[in-house]
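Where a number appears in this text, it was derived from the coordinates with a stated rule and is not lab data. On a predicted model such as this, the values are computed, not experimentally measured, just so you know. Cβ coordinates were reconstructed from backbone atoms using ideal geometry, including for glycine residues, and neighbour counts include every protein chain displayed.
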Amino acid sequence: MSFQEKKQFSILLAVVIGIFAILFLRLWYLQIINTENFQTQSEENRTRYALIPAERGPIFDRNGELLVENRPSFNILALRQDIGDRDKLFSSLAAIMGIEVAELENNWQQARSLPPYIPVPLAEDVGRGAMEKVEENTVSLPGVLVETQPMRAYPNEALAAHVLGYLGQVTEEELRHPDFEGYYPGAYVGKSGLEKVLDPYLRGAPGMHRIEVDVKGKKLRILKTREPKPGNRVFLTIRKDLQKAAEDAFGDQAGAAVALNVHTGEVLAMVSRPGFNPAYFARGIRGEEWQKILKDTRHPLQNKAIKGQYPPGSTFKIVTALAALKAGIATTDTVVYCPGSIHFGNRRFRCWKRGGHGWTDLRKALRESCDVYFYKIGYELGIDKLSETAKNLGMGTLTGIDLDGEKKGLMPDREWKRKRFDEKWYDGETVNASIGQGFVLATPLQLAVMTAAVANGGKVLKPYVVSRVEHWNGQMLLENVPTVVRDIAFDKKHLKVVFQGLEAAVNERRGTAWTSRLEDFRFAGKTGTAQVVKLKEKLEKNRDEEDIPYRFRDHALFVAFAPADVPELAVAVVVEHGSHGGSVAAPITQAIFSHYFGVEMPQQKTSNGD
């Protein structure tokens, strides 16, 4: 072999060795260095991940009666990485399910923010028939999955809806907030009521399926499952049967009612009307349903028991009476002459009874709700002392109830007006405040707390609706106990005369709540009428009540406790634009007491006023 041939052979051998070396290094890189990466890619090509939503914890009343549970819901999902021709797929799926293609496309677009590994919900809570048709046609629907997941169910429909609250999908803004760490896009979270307040206890922890699919994205088998953890059990202080009785008594009227245990502060019933069905939100509220709620001027989504702020009207006379007795402005024997009106300065303040009540002591003033009596003692007392007693009884301050969005109402004084309007306080404003008008505002819950404090002898209690939260293994996670916010040292003689006046208002013929009494069962209460339009304007128009437009009619109020001698239950009722507390609000309280104490309801008659 010549030198030239040897040289060519050496070059060829070197090239061959180099090629084999490159192949070897490539093979070594693929199988040794990058094996984990390619193994992961291989797994991703043949597997998909699907979240398993956790069941939210059930909610029970105080006696273990179910208020909120879960039911199975069928959803149609799409694995976006397995979808080729989306238009063709949506056309086929819409025909099979009997829905519009636009609905599928809209749901697809709404899910653009979801991470790629989360299936896109194309249709939620579909009927069993539609679900079975989709399952039968999965071969022609690449990338489509049928999922069964728990959905919130309300066996009692709208009962206690404002206490329980409703759900909605977590928003992008919420997901960016630290409070929503751990939530995933598309998850349902509490938006109001206890569903919102107790969401960390109720929501549980989602699980995960690892699914093997073929080249067309069709599900072959489940490779691995991490089981979801259900939410915890919640027990309320609410009594389901009493809640229903209270709501039934309201009928179609708007307003709110609260029933409290006078010794513990437990809320046994909380009504806000009109109501709504939380199930609409759990499945995704429809456009026409949402528009109906928005157009309802009576605000069905608002929990008026804690957010509605109303002039307390004559129910506030309880506060004025106790404040005047405590300050020595009035005694149990103080008598005031009521001719039907009284002048302060250049203003005339009328009593609701045009002919007047004549000579009136405190007991009679409470029984017949004489305005002039309270004008006089309120004027002599002054706004600051009146405000101090009212605030001590829980007016104008948050009660601290375990629900979201509570309003504090308003109990004015001289300093408040100076800061708010940069004006001095006028005596006429004190006169108005003494009968719960003017600037004074209170929520129905505050009125119930005040009434309970009077009934139990001066203990202002923190109200609560959650009794306890339990893990499924029985572990106690949260338990509420009675809390005394403050103990007011009322003189027993003062409380006695107030009790007598309130009992007379219900059980004596001249009482403003006489027609709402219960035979052989005595309860005590105070009616109230809160003006929406000034009395002068009504008198000048000389209009009958039924001729006044609904939105201008007075609010009707009633606060009461029972039994009268040994109080156990306190109730506050506000009926929006109900006109008269004695004829409209008091009968609702009567129905609540009738149900709670098992007393037969008498036939209704016309009230004596206020």
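Assorted remarks:
- Projected label distance in nm at GLU136 and LYS496, using a 7 Å step from Cα toward the beta-carbon: 8.2 nm
- Helix 383-392 axis, angle to the chain major axis (alpha carbon atoms, nearest 10°): 50 degrees
- Under the combined filter of DSSP loop state and at most 16 neighbouring Cβ atoms within 10 Å, segment 55-128 retains these GluC sites (Glu not before Pro): GLU65, GLU100.
- Whether segment 162-202 is rounded, prolate or oblate, judged on the alpha carbon gyration tensor where a/c under 1.5 counts as rounded: prolate
- Over 29 Å between alpha carbons, listed pairs LYS385/LYS419; LYS292/LYS391; LYS304/LYS492; LYS191/LYS526: LYS292/LYS391; LYS304/LYS492; LYS191/LYS526
- DSSP beta bridge pairing in the chain, given as percent antiparallel to the nearest 5: 95 percent
- Against the main long axis of the alpha-carbon atoms of the chain, helix 444-455 sits at an angle near 50°.
- Qualifying trypsin sites (Lys or Arg not before Pro) for segment 403-495 [loop in DSSP, other Cβ within 10 Å: at most 12]: LYS424
- In plain terms, if you count all Cα to Cα distances in segment 238-372 and split them into 10 Å steps from zero, the share in each step is 10, 25, 24, 22, 13, 6, 0 percent.
- For ALA327 and ARG286, a Förster radius of 45 Å and the Cβ-Cβ distance give a FRET efficiency of 0.20, rounded to the nearest 0.05.
- Label sites at GLU105 and ILE488, each approximated as a point 7 angstrom past Cα along Cα to Cβ, lie 6.5 nm apart.
- Spacing of the two label points (7 Å from each Cα toward its C-beta) at ARG354 and ARG176, in nm: 6.3 nm
- Overall dimensions of segment 48-236, expressed as equivalent-ellipsoid semi-axes from the Cα gyration tensor (√(5λ), whole Å, largest first), are 31, 18, 16.
- For segment 315-436, the fraction of alpha-carbon pairs in successive 5 Å shells from zero, as %: 2, 11, 21, 20, 19, 13, 8, 4, 2, 0
- Between 0 and 90°, nearest 10: helix 240-250 axis offset from the chain longest Cα axis: 60 degrees
- Annotation note: GluC sites (Glu not before Pro) in segment 431-531 located in DSSP loop regions with a Cβ neighbour count of at most 12 within 10 Å are GLU519.
- Length gained on full extension, GLU157 to ASP87, computed as 0.36 nm times the residue gap minus the Cα-Cα distance: 21.3 nm.
- Extended-chain gain in nm, criterion 0.36 nm per residue less alpha-carbon gap, ILE17 and GLU479: 158.5 nm
- Sorted largest first, the spans of the alpha carbon positions of the chain along the three principal axes are 144, 50, 49 Å.
- Residue-span extension gain [GLU415 to GLU380] - 0.36 nm each, minus C-alpha spacing: 10.8 nm
- PHE344 long-range amide H proximity, modeled H, under 5 Å: PHE349
- Calculated from backbone phi, Karplus (6.51, -1.76, 1.60) coupling profile of segment 194-203 in Hz, x at Gly/Pro: 5, 4, 7, 4, 9, 3, x, 7, 8, 6
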